[in-house]
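The values are calculated or read from the model by the stated rules, or taken from the named source; none is laboratory data. The model shown is predicted, which means the values in this text are computed figures rather than measured ones. All Cβ positions, glycine included, derive from the backbone under ideal geometry; neighbour counts span all protein chains shown. Note: accessible area is taken over every heavy atom of the protein model, side chains too, but ligands, DNA and RNA are not part of it. Shrake-Rupley method; radii C 1.70, N 1.55, O 1.52, S 1.80 Å.
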Amino acid sequence: MGSAKRRPRSADDFPPSGHGWVTRRINLRLGRTFLSVKSEDTPLRPSGQQSATSARARFAASRPARRGFLRAGLSGAAALGTGVTLAAIPASAASRGTSRRPSTPEEALRALAAGNARWSTYREKHPDETPTVRQTVASGQHPFAVILGCVDSRVPPELVFDQGLGDLLTVRTAGEVLDEAVLGSVAYGVLELQIPLVLVLGHQSCGAVKAAVQADTSGEELPAHIQYLADQIAPNIDRTKDGDARVDSTIDANIRAVRTRLAAEPDLAAKVNAGQLAIVGARYELTNQVVHHIA
């Protein structure tokens, strides 16, 4: 994490999203880039705030800037195939306690976008950690996104997206590698918990991808089960590049491949076609803590 102080973002940093796919494209901001998904139009329920007095006091100084930042970043109209646009976030929708969980892909993406924007600008709210929330989740869970990410200790989804208890269903494997257990876990979130978003989250400097690229180049057999990971990543290696550029490009290619495979699963594909699910690829940059879309 760099030592240079970042300036607060303004509305100029967040241009409105534009028109896109015939099959309904939503452009939503994640950090400083756009995230495009197929989904339906429903207003946003952003992630919640801490309700304790100590939390209010802790964030009182930064609240005006934070609210302005979130409104600027997330209120741009997102054009749908039907011509309907998403409205700006109402000021009254700032608390999970007074509004519902995201129930559509675009709502879920916007909640993640807002959380990553807070994280990457050091304005975390650490939502949904209060005693009340801890008691509430004891009786059931209602996460709004499945995050399929890497096991890397530097990329914990709840921190990267500034979410709390019960908000995310996280599935983590080295290099986002898929197997039956992972596919079953993702399907459980979508089919049983009715989660509207699956986000495949790769990241800069992925060790699993680097190991796969190096093994592919040298022909070396990796130890134990690590070779299985390399074998799964190997088809996605970008051999048009060399050295660090090959590793970096393969990280993106691997994200795309995992997303494509998930989208080909019949049960998930049916949800996507019905507008009830989006499966999106994204990448986290360790150097600036921003998540951006991988098309």
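Given the criteria small (Gly, Ala, Ser), over 21 Å from residue 148 (Cα atoms) and either at pLDDT 95 or above or open to solvent by 60 Å² or more (accessible area, probe 1.4 Å) (or both), does residue 219 qualify? Outline the logic, then answer.
On the way: small (Gly, Ala, Ser): yes; over 21 Å from residue 148 (Cα atoms): yes; either at pLDDT 95 or above or open to solvent by 60 Å² or more (accessible area, probe 1.4 Å) (or both): yes.
Judged against the criteria, residue 219 is a match.
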Only helices (runs of 4 or more DSSP H) wholly contained in the stretch 206-295 count here; list those with 3 or more residues that are of a type outside the set (A, V, I, L, M) and within 17 Å of the chain's Cα centre (by Cα). 243-263
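Would you check which residues across the stretch 163-221 are among the basic types (Lys, Arg) and in contact with a Cys (Cβ under 7 Å, 6 or more places away or on another chain) and list them?
Taking the stretch 163-221 as the starting set, the residues that turn out to be among the basic types (Lys, Arg) are 172, 210.
Hit for the stretch 163-221 is 172, nothing else.
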Can you spot a residue in the stretch 88-96 that is polar (S, T, N, Q) and at pLDDT 95 or above? no
Only one of (1) touching a residue at least 24 places away in the same chain (Cβ under 8 Å); (2) out of contact with any Ser or Thr (no Cβ under 7 Å at 6 or more places or on another chain) does not apply to residue 242, and that is (1)
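Taking the options 152, 231, name whichever one is out of contact with any Lys or Arg (no Cβ under 7 Å at 6 or more places or on another chain), open to solvent by 30 Å² or more (accessible area, probe 1.4 Å) and at pLDDT 95 or above.
Details: 152 fails: open to solvent by 30 Å² or more (accessible area, probe 1.4 Å).
One residue alone meets the criteria, 231.
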Within the stretch 170-193, how many residues are open to solvent by 30 Å² or more (accessible area, probe 1.4 Å), free of Cβ contacts under 8 Å to residues at least 40 places away in the same chain, closer than 16 Å to residue 268 by Cα and not charged (D, E, K, R)? 4
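So that you can scan it fast, the table gives a plain yes or no per residue for (1) in a loop (DSSP other than H, G, I, E, B); (2) surrounded by fewer than 18 Cβ atoms within 10 Å (Cβ to Cβ); (3) among the polar types (S, T, N, Q):
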{"residue": "102", "(1), (2), (3)": "yes, no, no"}
{"residue": "107", "(1), (2), (3)": "no, no, no"}
{"residue": "115", "(1), (2), (3)": "no, no, no"}
{"residue": "118", "(1), (2), (3)": "no, no, no"}
{"residue": "137", "(1), (2), (3)": "no, yes, no"}
{"residue": "159", "(1), (2), (3)": "no, yes, no"}
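Just wondering, is there one or more residues in the stretch 258-268 that are without any contact (Cβ under 8 Å) to a residue 12 or more places away in the chain, among the polar types (S, T, N, Q) and open to solvent by 30 Å² or more (accessible area, probe 1.4 Å)?
Let us first name the residues in the stretch 258-268 that are without any contact (Cβ under 8 Å) to a residue 12 or more places away in the chain, namely 260, 264, 266.
From what is left, the residues that are among the polar types (S, T, N, Q) are 260.
Imposing the further condition that a residue be open to solvent by 30 Å² or more (accessible area, probe 1.4 Å) reduces the set to 260.
Yes, some residue in the stretch 258-268 is without any contact (Cβ under 8 Å) to a residue 12 or more places away in the chain, among the polar types (S, T, N, Q) and open to solvent by 30 Å² or more (accessible area, probe 1.4 Å).
Which is touching a helix residue (DSSP H, G or I) at 6+ places or on another chain (Cβ under 8 Å), farther than 16 Å from residue 151 by Cβ, open to solvent by 10 Å² or more (accessible area, probe 1.4 Å) and of a type outside the set (Asp, Glu), of 198, 280, 247? Spell out the reasoning first.
Numbers: 198 fails: open to solvent by 10 Å² or more (accessible area, probe 1.4 Å); 280 fails: open to solvent by 10 Å² or more (accessible area, probe 1.4 Å).
Exactly one residue qualifies, and that residue is 247.
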